[in-house]
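One structure is given here, and the rest of the page talks about it.
The values are calculated or read from the model by the stated rules, or taken from the named source; none is laboratory data. Since the model is a prediction, treat every value here as computed from it, not as a measurement. Here the Cβ positions follow ideal geometry from the backbone for every residue, glycine too, while neighbour counts run over all protein chains shown. Each accessible area value is taken on the protein alone, full model and side chains, heavy atoms only, with ligands, DNA and RNA left out. Shrake-Rupley method; radii C 1.70, N 1.55, O 1.52, S 1.80 Å.
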Amino acid sequence: MTGAPASAAGGSGRPAPGGKLGSAAVNQASLWNIANILTMIRLVLVPGFVLLLLQDGGHDPVWRAWAWAAFAVAMITDIFDGHLARTYNLVTDFGKIADPIADKAIMAAGLICLSSLGDLPWWVTVVILARELGITLMRFWVIRHGVIPASRGGKMKTLAQGTAVGMYVLVLTGPLATLRFWVMAVAVVLTVVTGLDYVRQAIVLRRRGLAAARAPGASGASGAASGTAGTSASGVSGASGGSGTSGASGAGKRPEAGSASGSETPPAAENGPMPGPAAAPVNETSGLPEVSDASAKGPAAGSAR
């Protein structure tokens, strides 16, 4: 037994508890994930919704009820595909492009069809579509500086627009017709207010991005200038320190004897005469130097011992 797990050895082991999440994360690079499929369904529903709404002159309550059903399914898929993409990490490049296109397409189709049928004033359609198109273009304008996050007001605007357009698709009379008018009025107000807020955020984001882009160049120039000044100051202080040291060492030296002839005084002359061998003791009676017994005996006596 090698002690390696079955998965590492190539065998069939029990799947990990997080296998579902892991498989979802693996599928994020695939085009055919559940979030993208819902987005595709919403795109297909756009022409179907238009055909159902305009069927039989656009005033048949039954066909408009079917058109409302298609519109409701499209709005529901808009909620679920975004939630699934964020929860299971199914975000793809296709989803980033197709999801906002599908949202704008279904809303624009409903507004234009209702205005063409005379159920909704054209100025409402123009205001809403101009805001949506302008905000989309503005996002691309500042995308290199950052991303403008979706605000709570923007989500409320989307909900109000979807509810109002859905109520206008249905053939309503009496109090419900009055209610849908006020719901559309709230949607228009939220559309304008959130649009102005997005413009403000875009301007602030762009200013910050430009300031951050200029900041490294300015700090680099100031750093280079301070480095040059520091190098010059250290060079000046080093030069002055070197000359001071030379002067001090030159002043500390004293002229030596014999320097005019170019020769130095030997150590023996400076310290006096070198000591010679010690003198032998003198006998006071004879006046002759005394000789020790070992010296008198000589080498023979030393070897005889």
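Worth a mention:
- Taken about its Cα centre, the range 80-227 carries a charge dipole of about 620 debye when Lys and Arg each add +1 at the Cβ and Asp and Glu each add -1 at the Cβ.
- Cβ-defined net charge surrounding A98, 12 Å radius [Lys, Arg +1; Asp, Glu -1]: -2
- Evaluated at q = 0.18, 0.19 Å⁻¹: base-10 log I(q)/I(0), Debye formula over Cα of the range 55-141: -0.93, -0.99
- Share of carbon and sulfur in the accessible heavy-atom surface of the range 98-217 [1.4 Å probe, %]: 73
- Area accessible to solvent at Y88, 1.4 Å probe radius, in Å²: 90
- For the pair M156 and V44, a Förster radius of 22 Å applied to the C-beta separation gives a FRET efficiency near 0.20, rounded to the nearest 0.05.
- Total formal charge among the other residues, if their Cβ is under 13 angstrom from that of I143, Lys/Arg +1 and Asp/Glu -1: +4
- Residue list for the range 126-157, given a label point 7 angstrom along the Cα-to-Cβ vector of R200 and an amide N cut-off under 18 Å: 135, 139, 148-157
- Among residues other than L159 with Cβ under 12 Å from its Cβ, the summed charge is +2 (Lys and Arg +1, Asp and Glu -1).
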